[in-house]
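Reading through the structure tokens given below for one structure.
The values are calculated or read from the model by the stated rules, or taken from the named source; none is laboratory data. The structure displayed is predicted, hence computed values, not measured ones. Backbone-built Cβ (ideal geometry, glycine too); neighbour counts: all protein chains shown.
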Amino acid sequence: MTQNDQKVKNLKLTPQVLELNWGNVAERIKNFIRDYVEKADAEGIVLGISGGVDSSTVAAISALAIGGKRVLGLIMPEEETYNPKDVEDAKRVAEKFGIKTEIIDLSNILKAFYNAIPNFNEQDRVSKGNIKARTRMICIYYYANAQNRIVIGSSDKSETMMGYFTKWGDVAADISPLMDLYKTQVRKLALHIGVPKEIALKPSTPALWPNQTAEKELGMKYEILDLILYGLERFMSPQEIANQLNLPVKTVEEIKARWIANEHKRRMPLTVKIQYRTPGADFRLPRT
Amino acid sequence: MVNTLKIALAQISCKRADKVSNIEKMKAYAEKANKEGAKLVIFPELSLTDYLVRDLIYELAEPIPGPSVEKMTEIAKENQVYIVFGMPEVSQKAESVIYNTAVLVGPEGYIGKYRKMHLPTHSVFEEKRYFKQGYKTPVFETKIGRIGLMICYDVFFPEVSRALRLNGAQLIVCISASPAVRRKFFEILTAARAIENNVFLAYVNLVGIEEGLQFWGGSRIIGPNGSIIVKAKYHEEDFTVGEIDFKDIKHIAAFVPTIRDLRPELYEELKEASEKI
């Protein structure tokens, strides 16, 4: 019996439950990317690279899958959140994996948005920040259309399940190869495939406003959050999870409420069932 | 009736909803099987249409016998091989009733079919949405041996292989479309079904990636003692030929005589208990 069997059987919420065979995971993700790009008859891949762990990992594994020359990483800084270290990290990963990069300074585009929107509220940092995420998406898709590239998303499972992303923004992609890996697992995968340690372990930020960090906003370390999410995924009750992790049950219940409430961000828009077969409901065609 | 049989495991990837391409591919592998002296060539579950075709199944399903079975029969005749393949079968009596079916054809023509009994409808699987379950476990007496068919998730239920064995099967052919996360289950269960029934089992799995599911391949022939006689590669298209000798059943069954030691009176209790879950 493997370690993996043990953990499923016992459901003990320790960091070991998040361990996977990283070589096997990397292989499967590479196959998935290669297969998708081939079937789409695409020239290559385009993605936004921020210098953070998720985009660095997906950029690296894309390069390992189809060759760095076919991967284009867009570095998209803007004045307000500009961090030279992030740009440097993004370039470092690109260089290591032979990925082409382009830098697009979003500052002027963003200012144009801010100026053009009547009653734009500078203080509403979420709405403003989401403009940034969606502007990055627009640029990425420009290259995808113009150069026949597949857009690869960097969303991980922790952020996806918490709804910690911008709808139609950073999550927008043709495929999201890391979406079934929790954040701490992405870090492990990153280390396994050779993403520099400093980048693999650095704190995550969506870079929507200055000094924003994911863990501060989510209210806990990913090491704890991932175990809560793992427990919820396996139908454990909040009480059981709280007992095992020595947390107040209210904390786990809050995470669970958020986990459920954000389903609207993970699905096709709902519509009204009017006709015979309905998109997003019972219109079920194969995705080729 | 011969004692030995060369079996070709044609572990292919299939083209989504493209019967013409898939038949072409199966034809090429049937020719290869013939050249290598195999008398039976096995393809994965729903190899005619590919596994994940969702609503397109309504356009793709055919009666059996029907046009595609005829084509496959021609291929069997031309190459003097028996062929097991999978296809969606539409009922000849009710137009929207579809089965997930394994078909056996041979040089003498269409021989028979098996309709999948256990339709996975959990996790990523949605087979009950589209298919009706089968009820029968026929065994086909052919020139190459007595063959029983089953499909993929059926292997989790010992009743199917047991019924096939009790109906006389010497070889159980299990065609499959199993994604990678389930590999260890199949590797254990295929061996278990062979051992507990003193029977040969040939398992042929799909390969390729469909909607994020990676079919793991790993097709194999297993002897009545659970030994792997031949095994195909993981995750990639492969073609492997293995030979079995039906005489082995006798001495293996004498060593662990599971069929002799069956206790049919337990089945009543099993039925009652399972109805009261």
In region A:268-288, how many are facing chain B (nearest Cβ under 9 Å) and within 30 Å of the chain's Cα centre (by Cα)?
-> 7
Is there a residue being among the aliphatic types (A, V, I, L, M), under 17 Å from B:Gly218 (Cβ atoms) and surrounded by 21 or more Cβ atoms within 10 Å (Cβ to Cβ) anywhere in region B:151-166?
-> yes
Would you say B:Phe239 is of a type outside the set (D, E, K, R), assigned to a strand (DSSP E or B) and within 14 Å of another protein chain (Cβ to nearest Cβ)?
-> no
From the list A:Ile224, A:Ile260, A:Ile255, which one is under 16 Å from A:Leu18 (Cα atoms) and at pLDDT 95 or above?
-> A:Ile224
Leading residue by the ranking (surrounded by the most Cβ atoms within 10 Å (Cβ to Cβ)) among those in region B:225-277 that are within 19 Å of the chain's Cα centre (by Cα) and hydrophobic (A, V, I, L, M, F, W, C) = B:Ile244
Determine if region B:186-199 includes at least one residue that is within 14 Å of chain A (Cβ to nearest Cβ), closer than 24 Å to B:Ala163 by Cα and not basic (Lys, Arg).
-> yes
Which listed residue is at positive phi, of a type in the set (A, V, I, L, M) and away from chain B (no Cβ under 14 Å), from A:Ala207, A:Ala261, A:Ala214 = A:Ala207
State which residue pairs qualify: first residue closer than 19 Å to A:Val37 by Cα and inside region A:163-187, second residue among the acidic types (Asp, Glu) in any location, beta carbons under 6 Å apart, and separation of 6 or more residues or different chains.
-> A:Leu178/A:Asp156
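Listed here are the residues, each with its yes/no results for (1) among the polar types (S, T, N, Q); (2) modelled with pLDDT under 95; (3) closer than 22 Å to B:Asn225 by Cβ.
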site	(1), (2), (3)
B:Phe156	no, no, yes
B:Ser178	yes, no, no
B:Val204	no, no, yes
B:Glu210	no, yes, no
Of the conditions (1) within 12 Å of A:Ser55 (Cβ to Cβ); (2) of a type in the set (Gly, Ala, Ser); (3) in contact with a strand residue (DSSP E or B) (Cβ under 8 Å, 6 or more places away or on another chain), the single one that A:Ala207 does not satisfy is (3)
State yes or no: is B:Ser47 more than 14 Å from every other protein chain (Cβ to nearest Cβ), in contact with a helix residue (DSSP H, G or I) (Cβ under 7 Å, 6 or more places away or on another chain) and not in a helix (DSSP H, G or I)?
-> yes
When you scan region B:141-225 for strands (runs of 3 or more DSSP E) that lie fully inside it, which ones turn up with 3 or more residues that are of a type in the set (A, V, I, L, M)?
-> B:145-151, B:171-176, B:200-205
Scan A:Leu208, A:Leu247, A:Leu285, A:Leu232 and give me the residue that is surrounded by 12 or more Cβ atoms within 10 Å (Cβ to Cβ) and assigned to a helix (DSSP H, G or I).
-> A:Leu232
Among A:Arg28, A:Arg34, the single one that is without any contact (Cβ under 8 Å) to a residue 24 or more places away in the chain, part of a helix (DSSP H, G or I), within 14 Å of chain B (Cβ to nearest Cβ) and not small (Gly, Ala, Ser) is A:Arg28
Kindly provide the set of residues from region B:167-185 that are away from chain A (no Cβ under 14 Å), over 22 Å from B:Gly112 (Cα atoms) and surrounded by fewer than 21 Cβ atoms within 10 Å (Cβ to Cβ), ordered by number.
-> none
